[in-house]
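Okay, structure first, notes after.
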Amino acid sequence: MNIEELRKTRDEIGKRRERYDAILMVCTGTTCQARGSLALVDRLENELIKRDLTDRFLVVPTGCLGLCSEGPLILVQPEGILYTGVSEDDLADIVKQHLLQNNFVDRLLYRLEGKAIANMKEIPFYAGQQLLSLRHRSTLNPEKIDDYIGANGYQTCYEVITGMEPTEVVDTVVRSGLRGRGGGGYPTGLKWRACREAVEKTGNHPVVVCNADEGDPGFMDQAILAADPHSVIEGMMIEAFAVGAKEGYVFVRKEHPLALRRLSKAIEQARRKKLLGVAIFGTDFSFDINVHRGAGAYVSGESSALMQALTGRPGEPEAKYVHTTERGFRNMPTVLNNVETIALLPAILEKGPVWFSSIGTGDVSKDPWNGNTGTKLVSLTGAVKNAGLLEVPMGTTLREIVFDLGGGLPEGSELKAVQLGGPTGGILPESQLDLPLEFDALSEADCPLGSGSMIALDETTCMVQLAKFMVGFLKEESCGKCTPCREGLVAMDVLLRKIASGEGEKGDLDLITEYGQTMTEASLCDLGRSAATPVVSTLRYFRDEFEIHIKDGKCSAGKCRDLISYNIIADNCTGCTVCVEACPENVISGEPGKPHVIDQDGCTRCGICREVCRFDAVEVR
Amino acid sequence: MSDQQLIKVEIDGKSVEVEPETTVFEAAAKVDVNIPALCHSELVEPYASCRLCMVEVDEGDGPRLVTSCNYPVRGPLTVTTDSDRVTRTRKTILELLLARWPEVKPIMDMAKFFNVDKPRFQHPLADCNPNACILCGLCVQVCSQGVLEDVVNFSGRATERRISMPYGGENPHCTGCGACVEICPTDAIRLTDDPNGPADPDMVRRAGMRVTREMILLDRKQSNLRDVGTAHLIETMNENDLLPVMNFRFGSHDDVQQIGSDVFGKKYFELGKPDGCWLGCTVSCCKAVPGFQLSTGPYKGERVLVEGPEYETLAGAANMGIFDPEFVLEYKFYCDTYGIDAISFSSSVAFAMECFEIGILDPERTEGLELVFGAADEVLQLLHLMAKGQGFGRIAGKGIRFMKYYFEEHYDADSGLLQDIGMEAKGLEYSQYVTKDSLAQQGGYGMALKGAHHDEAWLVLMDKVMDQIPNFKDKVEALYYFPIWRTWFGLCGLCRLPWNEVEPADNPETDEPAKVPEHVQNYCELFEGVTGKGQKPDDLLEMSERMYNFQRVFNLRMGYGKREHDAVPYRSLGPVIKEEYESRADRYDSQLADEVGVDPSGMSTEDKMAALREYREEAYEKLLDAVYKKRGWTKDGVPKAKTLKSLGIDFPDLVNLVKKHGG
Amino acid sequence: MSDLSKLDKIIDRWNADPEFVVEMFQDVQDQLGHIPRDALEKVSDRTGAPRGSLFHIATFYQAFSLQPRGENEIQVCMGTTCYALGAQRVLEALERELGIAPGETTPDGKFSLRKVRCLGCCAIGPVVAVNDEVVGTIRPSDVADFLTGLS
């Protein structure tokens, strides 16, 4: 495809879109799909066919719209009216009322404190966002390359390939201040520069690899790939041109079938249009992308482990003091970037480094390390009203994210802490919420940004249990190769269990800290080196809570089973027998109409009685 | 290596200069600074999993903790192996290890050394077996990198990580070589195989492990058999003017690098790992080129796996004047597929090419083939014709001895010239070494019982490259000893590559480096381990000498066992044509002056060639005399009855036969 | 013996390329329900990938199992968000109802239980997937009915 054809397609798509009175963007992100949104697409299309409205209205299955907790979502464009929690039964009303009579279907609108907000842009969750890596959100069908071209896609890489020197591209990215979104925060441009130097030194061919081996949480990179796969392809083309690579690899887990399918389809489409392959745009630039469908293992996302996994070996980290940029995949100089980083590239090259660095914080004109520019994807989950995927300028405070965009916690709950950066990330108490979303500031607070996951935790969270969970998670996900990580996590696990069961001793916390330090200093890979972070940060901010467990044998959050009991408040109990029926251990006795009693000897404190009780008659002591 | 800049490293106050990329661990060993480690061995690549070898390095930007086993020296650095931080780290790691394996000696010893007492937590997987596997991974490493098998490996993940064979238990792909047993620091691995009943399995394994150890440590420094196989010889032969080019006329060529071992090593040998003749062979000289697309013949267009090429195949191409790697693969594949020996083929074709160039053959006689040196397409056509028994292939396919007869008989060619340039002895084509300046190798080819093949007395390297047999007497001794010794390998069905392709590091300092005494001793142990019979090197030789003489008598009975049959074509001894002489005129001229005693100045090339020929033919005859005498044979090359008797093979029909021929 | 022609087809699909052995194993797992010994042997023979390394792969990833899995595979997301939202108790309820631990299969071969790390539906946690179909916001007290619905 040459530039004339590209422009022609773009203009045609624009015109075609204009023909429709409205376009219904049905979210087919992972979460909405889990709630049946694919069926909505079919039903909606049938509805339009039945009413002979296909000339006036278009249904587009689109990528993740972000407000996952409210899904399935349908966005009516160009007005931007968002419908939430849509079921198949609602579709007829959307067509009849909204499309034909121009009345919004009130019951499906997003509500803030009881008040309906129809327009997506006015919903606080969306109003506070700025979209760069997700800039095509709610505008295109990820399975159609023409939609991407219609949104000016592949124009930027044309300009880059035909009008720029590779080193100019590298310089542009250095000046933009872009830092790797996978968690490390290493300046992307500097990585490319190191790769170019290694190529010069060794004469080996460079390779670009896109790390989509997203572990936990697993829906940010996947959302980009599933919503806008061509932006990743275009980003990789720019990257490949900058470092001189002919081959690109994307490593996606099998656990993310949607991302995998849409990316593979997009690559096929790009090949057919000769946007991938030999002599792209008639230049001497050739590039193609291969997809590896990895099996899931948290540790395989580590860069040296990923290089192993890509060559069909166990995805285990390799000990080496050589950078991947010098010797990575098949021992070639390799640039490894994550999906979000790559998806930002077309925008940076289109609008320039000054534009990009004006978003976010810091002055990166001289040093990319000296700032946090651009935007960052955040997956906001846990005890917040609005959970989902959002993109905000770096430097936005955590408080703004949780309370303004996330809408705070549900009535009656209080925020105790946020957990950042997934299983190897850290914990911050409510008091630290004014920290900005920045690599360095958060690392200094022992709570690295990681890939941008943010989990809001309410007052029912026990920090000992949370630390135990994180350690337990890592203990199972460690590859087991090096001693400090494999055995250190076991030691921490043993000690945390001791504390959780009320048998903690004075000195246990110091011991945990000591093992943690050795793990951090002596482990083989980044997973091992960061495996102590959750515990270190929890201890830093919630040491009191641990000490209360040890000294007083009490769990204030009511989560440590050896330290609590479930009891029935006789005054509240109506004797409905629901808990008697539900108790898996059959240890609740009582006759209908009379208060029930839990036999503490047989109770495993599974909590089901409390969950099923409709009268708040079960309490935790 | 020597031209690299040495880098200064300071370790605990001691200074040492090392080559770049030396590890800190190796550098420390040079100044006797001991660093503890559980997963490290010189036999395998650094694995850096136990993390005990951590030290602090400072490259000018403050001290950092690194694993010394794999930290490369790239610039000046200061190393501290006993700082508080290092010691604290080691102690914690030892505590963690001790918690899990409280009774394993290497861990207990190190823990004691670092004053680590009792672990401060109860490990849920604590294993009190003193021979517990501590997951150091040395067995995994040695199996894949050393033995090149990768049967023993890790399984599982995290605390489920174990050492295992696929699906547990024994595995048919494990050869029981015992390398993992030898390297295991806790004796956690036991051999349970049934080793086919050798008298002393441990003795066999120890001998085998010696080979494995040397292959791991020395092959890359000496022969590089694992990476490029015997192809490594091509450069050596070319540099020493011993590589046959254009029917043995010349010994080197500028284009040889195009079919060099480097080309094949980097571009074609892509099996992903070295390959052995049998599972567990650590020499692994076999090579193969996968996915090669054929461009001629019945399989044209198909992608095939080509075995090799080895040195002989490559040199054979040079002998036909062809320096194209793709041609080499094509002719190698079809020779293998048709069941045609690539050595005889290339030597025969080289001879035919020379006949074509000097006009004995022409396109009419070859039925259209322009058979000049370098004509790759024609060679492939000829190969396919040979296989079909058609056209000129029907004649060339019968070999040089037949072609000589045929060309003389039908084309009236000069018989003497044909004899001089037709490179065969006893009817077998020469293998690919130029022997003009190696008297020992001339004898090695001429006297070889099976014909002109090098496996019996491959002396060219020790004669012309290593200069290990400089005198006439040495050469005679070599022609006595080596054919007998090498026959022993065939007698026992053993590979000879571990004997002298990779030698002990101190071999050059021994009395008889050419014989590689330490390895001969290792073969004695192999023999004893299998048979239970204690043998000394001389015992092995006697077995072999008996066989060697027996074979000579067999030759005699078949009409090939006398002096006349040990004759060689003159090109084996010296330059046949003017061009051949003149291309190396300096060398031959000085030989005339120094050895023959003739002043070459003012002489015509023809006269010089004649003088040289007379001298060399005489030397060859003298060599036969001396070697026959040493072997206990008559002047006519027949084993004497006395010799047979002393060897204990004086069976009546043998004795009668040799007596009939004057023996 | 496994269906060898199936194995050949799987290996062919990936051109017997040793860099794609994980993909081959995924297909084997999907089609045969586990990684049988002869599948490993065949993949090794045809791709040249060493056996030891293949066995390491087959036991390294939780997606693979050496024993056949149950008719219904129940995956409980134990990602951080799901944990924070109560996944541990959902898992325990499943263990209790099925009488098996994670990684095991019920004796009647009907159910396998497995922990997974994040299914990408964090906003509707805790999440359980049955035969790759995701069920969100599940509560421990829902588990018994949920299993009845499956069998």
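The values are calculated or read from the model by the stated rules, or taken from the named source; none is laboratory data. Model, not experiment: these values are computed from the prediction. Here Cβ is always computed from backbone atoms with ideal geometry, including for glycine, and neighbour counts include all displayed protein chains. These accessible areas exclude ligands, DNA and RNA; they are computed on the full protein's heavy atoms, side chains included. Shrake-Rupley method; radii C 1.70, N 1.55, O 1.52, S 1.80 Å.
Counting only residues at least eight positions apart within a chain, or on another chain, the lysines with an alpha carbon under 26 Å from that of A:Lys115 are A:Lys96, A:Lys385.
Per residue of C:42-55, other chain Cβ atoms within 10 Å of the residue Cβ number 6 on average. Relative to the longest principal axis of the Cα atoms of chain A, helix A:508-522 runs at roughly 20 degrees.
The share of accessible area on the protein assembly as shown that comes from carbon and sulfur is 47 percent, using a 1.4 angstrom probe.
For the stretch B:36-147, the spherically averaged projection of the C-alpha convex hull amounts to 8.1 nm². The lysines whose alpha-carbon is closer than 24 Å to the alpha-carbon of B:Lys105, local same-chain residues fewer than 8 away aside, are A:Lys481, B:Lys91, B:Lys118. Around the amide H of B:Val306, modelled in the peptide plane, lie the amide H atoms of B:Val289, B:Gly291, B:Phe292, all under 5 Å away and 5 or more residues distant in sequence or on another chain. Placing unit charges on each Cβ (+1 for Lys and Arg, -1 for Asp and Glu) gives chain A a dipole about its Cα centre, and among A:Ala226, A:Leu100, A:Thr167 the Cα reaching farthest toward its positive end belongs to A:Thr167. The distance between label points at B:Arg162 and B:Ala610 comes to 8.5 nm (points 7 Å beyond Cα on the Cα→Cβ vector). For the stretch A:282-306, a decrease in accessible area of 40 Å² or greater in the assembled protein chains relative to the isolated chain, with a 1.4 Å probe, applies to A:His292, A:Arg293, A:Ala295. Counted over chain A, the DSSP beta bridges are approximately 60% antiparallel. Solvent-accessible area lost on pairing B with A (1.4 Å probe, both sides summed) amounts to about 2800 Å².
The residues of the protein assembly as shown present an accessible area of 40 Å² per residue when probed at 1.4 Å with all protein chains retained. Placing +1 on the Cβ of every Lys and Arg and -1 on the Cβ of every Asp and Glu, with nothing else charged, gives chain A a dipole about its Cα centre of roughly 1420 debye. Chains B and C together bury roughly 1400 Å² of accessible area, counting both sides, with a 1.4 Å probe on protein heavy atoms only. Cα centroid separation, the stretch A:45-99 to the stretch B:145-189: 59 Å. Take every DSSP beta bridge whose two residues both sit in the protein assembly as shown; close to 65 percent of them are antiparallel. May I ask you to evaluate 6.51 cos²θ - 1.76 cosθ + 1.60, the Karplus curve with θ = phi - 60°, for each residue of the stretch C:91-103 and list the ³J(HN,Hα) values in order in whole Hz, giving x for glycine and proline? Per residue, the Karplus-derived 3J(HN,Hα) values read 4, 4, 4, 5, 4, 5, 5, 8, x, 9, 9, x, x Hz. Helices in the protein assembly as shown, meaning DSSP H runs of at least 4 residues, each add -39500 (n - 2.57). Divided by all residues, the mean residue ellipticity at 222 nm is -12000 deg cm²/dmol.
What whole number of Å gives the distance from the Cα centroid of the stretch A:330-402 to the Cα centroid of the stretch B:536-592? The two parts, judged by their Cα centres, are 78 Å apart. Burial annotation for the stretch B:120-137: residues with an accessible-area loss of at least 20 Å² between the isolated chain and the complete set of protein chains, computed on heavy atoms with a 1.4 Å probe, are B:Arg120, B:Phe121, B:His123, B:Pro124, B:Leu135. Could you report the buried accessible area between C and A, both sides summed, computed with a 1.4 Å probe and given in Å² to the nearest 100? Answer for the C-A pair: about 4000 Å² buried. Take each uninterrupted DSSP H stretch in chain B, measure its Cα extent along the helix axis, and return the ones at 27 Å or beyond whose mean Kyte-Doolittle hydropathy is at least 1.6. Span-like helices in chain B: none at all. Between the stretch C:1-65 and the stretch A:449-490, the C-alpha centres lie 32 angstrom from each other. Please work out the FRET efficiency for the pair A:Lys201 and B:Asp538, using the Cβ-Cβ distance as r and a Förster radius of 60 Å; give the result to the nearest 0.05. E(calc), rounded to 0.05, equals 0.60.
A simple charge model with +1 on the Cβ of Lys and Arg, -1 on the Cβ of Asp and Glu and nothing else charged puts the dipole of chain B at about 2340 debye relative to its Cα centre.
Computing FRET efficiency as 1/(1 + (r/R0)^6) for A:Tyr321 and C:Ala101, where r is the C-beta to C-beta distance and R0 is 30 Å, gives about 0.15. Note on A:Glu4 and C:Arg37: with the Förster distance fixed at 60 Å, the Cβ-Cβ geometry gives a FRET efficiency of about 0.55.
Given the peptides A:396-406, C:9-19, A:501-511, arrange them by the average over their residues of other C-beta atoms within 10 Å, most packed first.
Listed from highest to lowest mean packing, they are A:396-406, C:9-19, A:501-511.
Amide hydrogen proximity for A:Asn290: with H placed 1.01 Å from N in the peptide plane, the residues at 5 or more positions away or on another chain lying under 5 Å are A:Gly248, A:Tyr249, A:Val250. With both bridge residues required to lie in chain C, what share of the DSSP beta bridges run antiparallel, to the nearest 5%? Percent antiparallel among DSSP bridges in chain C is about 55. Net length available on complete extension from B:Arg206 to B:Ser601 is 136.1 nm, with 0.36 nm assigned per residue and the Cα-Cα distance removed. Cα convex hull, the stretch B:405-503: 111 Å³ per residue, rounded to a whole number. Charges were assigned to the Cβ only: +1 to each Lys and Arg, -1 to each Asp and Glu. The resulting dipole of the protein assembly as shown about its Cα centre is roughly 1960 debye. Across the stretch A:129-272, Cα pairs under 8 Å and at least six residues apart give a relative contact order of 30 percent.
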